Amino acid sequence: MCSPPQAAPRTSEESLLDSGDGELYMSSHLYNCTGDVRVATVIVDRRSVVPLYYQIQQRLSEQICSGELKPGELMPSEQEIAARLGVSRMTARQALKSLCSRGLAFSQRGKGTFVSRMKLEKNFRQLLSFSEEMKDRGSQPRSKVLAFERIHPEDDVVEALHLNPSEEVIFLRRVRMADSAPLCIEATHLPARLCPDLLETFEPSGSLYRALAEQYGLQVHMADEVAEASVATPAEAKLLRVRGKSPVFRFTRTAYLHNGEPVEFVKSTYRGDRCKVVNRLTRQLEIVS
C-alpha cells in the first residue's frame, strides 16, 4: 500500500485553511506555463477518507460541467497539479486518467490532456453520418480503420440488405473518434454490386456517405435505427478506452435510397458516458365537441 504523499512547500498562491472544527485544507490555484489561471481554487482535505485523486477529479469535473473549463481547452498537466497541490505525480496522473475514463477529458501523446466536448446527442429525428454529426457539433471526426474488405455476410445482414445468398458486401469496421477521443465502433455493410470498386477508390478514414454520393450517385434518403443499452465486451472496452463492462449504446441502422432499396446496414457501439439519445414525442389528442 502506498504511503501518503508528502506536501510540497507552499508558495504565495497556496495557503492552509481552517474549516472551523480543526480540519485543515490545502487551497491552491492551478496555473499553466504562461501564468494564466486555468482552474479555480481546488481544495483538498488531507484528513478525509476520500482519496486525494478523487477529490481533485471531482473538482475538475465540476468545472468542466459548469463551463469554467471549456471544450478543447488544455488542462493542467500532472506536473502542475502535483506542484500546486502538494500531491504526488501518481495522484495527479490518477485524477486525470479518471477524467479521461469518464469521457470528460482526452489525452494526446506529447500534447497533454484536453477537455472533451459534452455528450453527443443521437437525434432520431435527423439522418446524419458520423462525420456530419461531429462537424455539426464543432468536433474533428477521425477514424481508425480495423477492417476494409469484401466478405460473405451473415444472415442478419443478408436479410437487412435484401441480398441473394451468394452476394458479397463491402465490410468496413472503424473506431470513430471525436477530437482524437474514441467515441464508437462502427461496422458498416454495403452491397458490393452497388459500389464494386469501393476498395480501390475510397480512403476508409474519410466520409463514406460523401464517397457513395460523389462516386456512385447513391444518396441515403431515410433509415431505420434501433438503440439498445448494453455493456462493453473486453475487446470493445480496449478499443473505446473504457473499463470492461462499461455501459454502451448499441445502434443498428438500415439505410435506404429514395426508391426504398437498402444501401447500408450498420452496427455501432457507442460509449455510454459520451452519448445520449434524444427524441421529440408528440401526443395525438382527440378534440371532444
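Among the protein heavy atoms, those of Ser166 account for about 90 Å² of accessible surface (1.4 Å probe, every chain in place). Here the simple spin-label model places points 7 Å from the Cα toward Cβ, and for Arg47 and Ile151 these points are separated by 6.0 nm.
If the chain linking Lys276 and Met90 were pulled fully straight, counting 0.36 nm for each residue of separation and taking away their Cα-Cα distance, it would gain 63.7 nm.
For Glu68, no residue whose modelled amide H falls within less than 5 Å of its own remains once neighbours fewer than 5 places apart on the same chain are excluded.
The simple Förster model, with R0 at 22 Å and r as the Cβ-Cβ distance, assigns Lys111 and Leu239 a FRET efficiency of 0.55. For Cys100, the accessible area of its heavy atoms, probed at 1.4 Å with every protein chain present, is near 30 square angstrom. Amide H to amide H distances under 5 Å link Met75 with Thr113, Phe114, Val115, where only residues 5 or more positions off or on other chains count and H is placed in the peptide plane.
The values are calculated or read from the model by the stated rules, or taken from the named source; none is laboratory data. Predicted model, so just to flag it, every value in this text is computed and none were measured. Using ideal geometry, Cβ is built from the backbone for each residue, glycine included, and neighbour counts are taken over all protein chains shown. For the accessible areas, the whole protein counts, side chains as well, though only heavy atoms, and no ligand, DNA or RNA atoms are used. Shrake-Rupley method; radii C 1.70, N 1.55, O 1.52, S 1.80 Å.
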